[in-house]
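Worksheet: the structure to be examined is printed underneath.
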Amino acid sequence: MSDPGTPTFDQLRIFLTVVETGSFAAAGRRLNRATSVISYGIANLEAQLGLSLFERHGTRKPKLTLAGHAVLAEARSIGQGIDGLRAKVKGLLQGLEAQVDIAVDVMLPSAWLGEALRAFYEEFPTVALNLHVEALGAVTALVLERRAVLGISGPLAAEMPGIENVIIGSVPLIPVASPDHPLAKAETLHPGMGRDHIQLVLTDRSRLSEGREFGVVSPHTWRLGDLGAKLALLREGIGWGNMPQSMVEDDLATGRLVRLTMPDDTGVDYRLSCIYRSDAPPGPAASWLLERFREGRGARPKGAA
């Protein structure tokens, strides 16, 4: 048996377009080529590989063979790699960005954000910066919608197709309440006691996490879209909730809040990642900022990974 030949990228693009559009004619319209050219390109690809990729008998539309399904995954991987390469080169050819739009998770400690942006300003004084502060899936949504080229997101983004993740660390979230709250006054907290009281929960302005719960213990919840409002209500004794440790350190030190020793909710490390679209990698200035966040440079909060 002879070894398969090496297909051209154009042949693979024709193959992927036929699969995506469902027919040779539709692929021709998308690629602005005659149907006969599409058919010829697929025939050449099959000859190169020594495989039949489509069933052409007994069906009006081309249907992938078992071999076609196997080749499809590899062809998509090559296509995505080429698209990523083209996008990266396009960014380099265009030079330094005039503006960088970024979206950051509200859980990101302000000291970490401030250090990175101060360094960015010193390095790129001519580049304008547009900053969005959001919660949960709203950061990923801004990146997917191309309203932000770079995002600092929680763990939800790791599940999203078309998104690249670069883990930069984590932020400890701890359960807290006002010293006047019944949970703070209890001598011993038993499993399930948090379920009997209002839990303040940060909500998502996007629909990416719709129907999902993150760290919700109590069936009695107040939902807020702003972390500062959540902190204010905690200080007033309205409910209990998890907060970034760095954000409540002063409150814990002064006694305005107390850390709850809850056996079934001891807190969690909230992982943070720099994210960007696979088909739109960041340009020179945004790439520099990504590395600055990843390195931390001493602004990483206590307990961060």
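Every condition in (1) farther than 23 Å from ARG271 by Cβ; (2) at pLDDT below 90; (3) crowded, with 16+ Cβ neighbours inside 10 Å; (4) not polar (S, T, N, Q) is met by PRO125 except one, and the failing one is (3).
Condition check: under 20 Å from ASP3 (Cα atoms) and charged (D, E, K, R). Does GLU46 satisfy that? Here the answer is yes, as GLU46 does meet what is asked. Could you count how many residues in region 11-58 are more than 14 Å from HIS69 (Cα to Cα), in a loop (DSSP other than H, G, I, E, B) and touching a Gly at 6+ places or on another chain (Cβ under 9 Å)? Residues in region 11-58 being more than 14 Å from HIS69 (Cα to Cα), in a loop (DSSP other than H, G, I, E, B) and touching a Gly at 6+ places or on another chain (Cβ under 9 Å): 3 in total.
Checked against the criterion of being at pLDDT 85 or above, over 28 Å from the mean Cα position of the chain (by Cα) and part of a helix (DSSP H, G or I), region 1-10 has at least one qualifying residue.
Among the residues examined, VAL133 does not qualify as more than 30 Å from ARG256 (Cα to Cα) and either surrounded by fewer than 22 Cβ atoms within 10 Å (Cβ to Cβ) or among the acidic types (Asp, Glu) (or both). Selection of region 227-236 for residues being over 10 Å from VAL176 (Cα atoms) and touching a residue at least 24 places away in the same chain (Cβ under 8 Å) yields LEU227, LYS230, LEU233, GLU236.
Considered as a group, the residues in region 59-69 that are surrounded by 15 or more Cβ atoms within 10 Å (Cβ to Cβ) and in a helix (DSSP H, G or I) include one that is nearest to the chain's Cα centre (by Cα), and that residue is GLY68.
In region 262-301, the qualifying residues are those that are at pLDDT 85 or above and among the polar types (S, T, N, Q), and the one that is farthest from GLY81 (Cα to Cα) is SER273.
For region 237-287, residues that are in contact (Cβ under 8 Å) with a residue 60 or more places away in the chain, in a helix (DSSP H, G or I) and within 21 Å of VAL106 (Cα to Cα) total 7. Please verify whether LEU72 is in contact with a strand residue (DSSP E or B) (Cβ under 9 Å, 6 or more places away or on another chain), surrounded by fewer than 17 Cβ atoms within 10 Å (Cβ to Cβ) and touching a residue at least 40 places away in the same chain (Cβ under 8 Å), treating the condition exactly as stated. Taking the combined requirement at face value, the residue satisfies it.
For region 143-155, the tally of residues that are surrounded by fewer than 23 Cβ atoms within 10 Å (Cβ to Cβ) and either at positive phi or among the aliphatic types (A, V, I, L, M) (or both) stands at 2.
Here the strands (runs of 3 or more DSSP E) wholly within region 137-234 that include at least 3 residues being at pLDDT 90 or above are 150-153, 163-177.
The values are calculated or read from the model by the stated rules, or taken from the named source; none is laboratory data. Remember, it's a predicted structure, so these values are computed and weren't measured experimentally. Using ideal geometry, Cβ is built from the backbone for each residue, glycine included, and neighbour counts are taken over all protein chains shown.
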